[in-house]
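Following: one structure in structure tokens, then a few remarks.
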Amino acid sequence: MPAKKYQRIGVGAMLLGLAAAGGVWAFRDPEGEVRELVNRQPIEGAHIKIDCRKGRWLHGSDSVRVAEATSGADGRFSFARADVRGCGYLMVYISKPGFRDAARIEHSAIQVGFETQITSSVPELLLMVRESEVKQLQFDGLLNESNAVRIAPPGPMPEADYNTVNVPFFESRRLATTPDEIRWVRGHYCARLISLWAALPAELQQKHLDNPMANVVRHPDVVDYCKSAAPAAS
């Protein structure tokens, strides 16, 4: 499944925009629903907390009140209008044992932006992911990052191309803890990294070995990790 891209903007810029727009909107009832990200099924028993906040004159913000709700069998939840009255903006938190807030999963193949965390109204839709599905979403998201196509500048850039694959490999290797996960990472990265390394001029290979980036795996460690590489897991 291809990753859906959302533009991410700075939190400060978003809060400034909300303040300029007059704070929390009251054009509809403060209600919404909770669903699974992957299959869009409703989630019962999710705990939703909203923190009504008002910005300070120069910087920072203060909590005005906190309200909580629980989703029903149809996934729906609601708050009282008084819960959001006078708020500059809302911080939204959602939890349920065995699930994770989709907006707070790094490297997910399906991106959910800041709009469900810092918002001008109670979100109409909140999305969660089963804990058992989180890692695969992260693996797929990192794989998408490793397949990014360089548009500019034109021409060969072997070092940049190598790092484009190595950086997601660095994080994927950290995430992979079970034999199946390790096999998956090896199958999707090892052949590409070894091929891209061979395309690096000798001076760039030496540069990598002498001064590796903090978020890449040194090539000798890549080779060691990939020694028993297996075909990509399905």
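What follows draws every value from the coordinates through simple rules; no lab data is involved. Quick caveat: nothing in here was measured; it's all calculated off a predicted structure. As a convention, Cβ positions derive from the backbone with ideal geometry for all residues, glycine included, and neighbour counts pool all protein chains shown.
Here is how the numbers come out for the structure above:
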| quantity | calculated |
| --- | --- |
| Whole-Hz ³J(HN,Hα) from phi, Karplus 6.51 cos²θ - 1.76 cosθ + 1.60, for the stretch 217-227, glycine and proline x | 9, 4, 4, x, 6, 4, 4, 5, 5, 8, 4 |
| Estimated FRET transfer efficiency when R0 is 41 angstrom, pair S195-N39 (beta carbons, to 0.05) | 0.65 |
| Rough spin-label spacing in nm, given labels placed 7 Å along Cα→Cβ, for S95 and R174 | 2.4 |
| Part-to-part distance (alpha-carbon centres) for the stretch 34-70 and the stretch 190-223, which is given in Å | 44 |
| Positive minus negative residues near P42 (Lys, Arg vs Asp, Glu; Cβ under 11 Å) | -1 |
| Hull-based mean projected area of the stretch 94-229, where the convex hull spans the alpha carbons, in square nanometres | 10.5 |
| Cα-based Rg / Dmax (Å) for the stretch 48-156 | 18.0, 59 |
| Stretchable slack from H47 to V64, in nm (0.36 nm times residue separation minus alpha-carbon distance) | 4.1 nm |
| R81 versus S132: modelled label distance in nm, points set 7 Å from Cα along the beta carbon direction | 4.4 |
| Computed label-point distance, nm, for sites E124 and E203 using a 7 Å Cα→Cβ extension | 5.8 |
| At R0 = 22 Å, FRET efficiency that the Cβ-Cβ distance of R56 and E106 yields, to 0.05 | 0.15 |
| Cβ-Cβ FRET estimate between N211 and R150, R0 fixed at 22 Å, reported to 0.05 | 0.50 |
| Range of Cα positions in the stretch 107-180 per principal axis (Å), largest first | 48, 36, 13 |
| Cα-derived Rg over Rh, computed across the stretch 151-234 with Rh taken as Kirkwood radius | 0.98 |
